[in-house]
Each structure stands twice: as C-alpha cells, then as structure tokens.
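**Student:** Structure in structure tokens, see below.
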Amino acid sequence: MEKIRILIVEDEAISAMSITRALRLYGYTVCERASTGEEAIRIARREKPDVILMDILLAGQMDGFEASREIRSLADIPIVFMTGYMDDDISMRVNAMECVDLLVKPIEPEDIRLAISQALERGRK
C-alpha cells in the first residue's frame, strides 16, 4: 500500500513537530512543511500531496484561506484547516469553503487521523 503524503502548513515549529509525530504514528508520510502561504503553494505545485494540513493564521502576506484557494485552483487537493484561535469570522469562512475540515489546537493525534481519513474519502467521491 502506498503511503499517504501530507503537506503541513504551519508557521510554529513546535506545533509542526507535534503534528509530524502524530502523522508518523499513523503511518503517513510528511512530504514537506511550509511556514507561509506562498511557500505552501510552491510546494503543493511541486509535490502534489494527497492532503494538506493548513494553519489558518500564517506568517507572510497570505493567510491559510488565501493559500488554499490558490492551491485548489491548481489541483483538487483535500485541505484540513487548523487553528489555535476560533471566532465567528473564522467559523463563517471555514463554512463557506466546500469540503474542508477544521481542527482546533491543541489537536489530538486521533483527530488528525480522522480528519485526514474523511478528507481522502471526500476526495474520492
């Protein structure tokens, strides 16, 4: 069975390391990590990951919503959003996007596994 390749888009190194450990625990491959939306777009274009775990608030000029719109215009890659900060605006913006999940930090490893599984299933349909 081919390993599922995940791109992590997270600007906080400690969070990225924690997510990477959880992904490896479940047998996923982390193809790369980006810390800005612009970097995520370049990596997604080059690596074509199976799923992207995308933080909403990122370093750089572009937030996770903007980066995900650009990535989705290039390829139909399932995206799971992550955030440590939740308010009505973020909730509305997530709900306005089709076929995405939202994980609120701190994230349990099982929640990551479940969100990836659901994202892949939606991508197959």
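**Student:** Compute the signed sum of charges (Lys and Arg +1, Asp and Glu -1) over the other residues within less than 13 Å, Cβ to Cβ, of ASP11.
**Tutor:** Spelling it out: positives minus negatives among the neighbours equals -4.
**Student:** If I build a Gaussian network model for the chain, linking alpha-carbon pairs within less than 10 angstrom, which residue out of ASP50, ASP87, ASP101 has the largest mean-square fluctuation?
**Tutor:** Fluctuation is largest for ASP87.
**Student:** I'd like the distance between the alpha-carbon centres of the stretch 105-121 and the stretch 1-68, rounded to an integer number of Å.
**Tutor:** Result: 13 Å between the Cα centres.
**Student:** A further question on this structure: For the stretch 1-71, state the semi-axes of the equivalent ellipsoid (square roots of 5 times the eigenvalues of the alpha-carbon gyration tensor), sorted largest first and rounded to whole angstrom.
**Tutor:** 20, 14, 8
**Student:** Can you give the alpha-carbon Rg of the stretch 8-125 over 2.2 N^0.38 Å, where N counts its residues?
**Tutor:** Working it through for the stretch 8-125, the quotient is 0.95.
**Student:** So, one more: Per DSSP H run of at least 4 residues, take -39500 (n - 2.57); add these up for the chain, divide by its residues and hand me the 222 nm value, nearest 500 deg cm²/dmol.
**Tutor:** -15000 deg cm²/dmol
**Student:** Which residue fluctuates most in the GNM of the chain (Cα springs below 10 Å): PRO78, PRO106, PRO49?
**Tutor:** PRO106
**Student:** Sticking with this structure for a sec: Where does each of 25-37, 52-64 land if you order them by average Cβ count within 10 Å, highest first?
**Tutor:** Going from most to least packed, we get 52-64, 25-37.
**Student:** Zone of SER117 (label point 7 Å along Cα→Cβ, backbone N under 20 Å): which residues in the stretch 1-42?
**Tutor:** 1-7, 19-30
**Student:** With +1 on each Lys and Arg Cβ and -1 on each Asp and Glu Cβ, and nothing else charged, work out how big the dipole of the chain is about its Cα centre, in Debye to the nearest 20.
**Tutor:** Computed about the Cα centre, the dipole is about 620 debye.
**Student:** Can you tell which of ILE19, ILE71, ILE107 shows the greatest fluctuation in a Gaussian network model of the chain with Cα springs below 10 Å?
**Tutor:** Residue with maximal mean-square fluctuation among ILE19, ILE71, ILE107: ILE107.
None of the figures in this text is laboratory data; all of them are computed from the coordinates on show. Keep in mind the model is a prediction, meaning the values are calculated, not measured. Quick reminder, even Gly has a Cβ in these numbers, built from the backbone with ideal geometry, and neighbours come from all protein chains shown.
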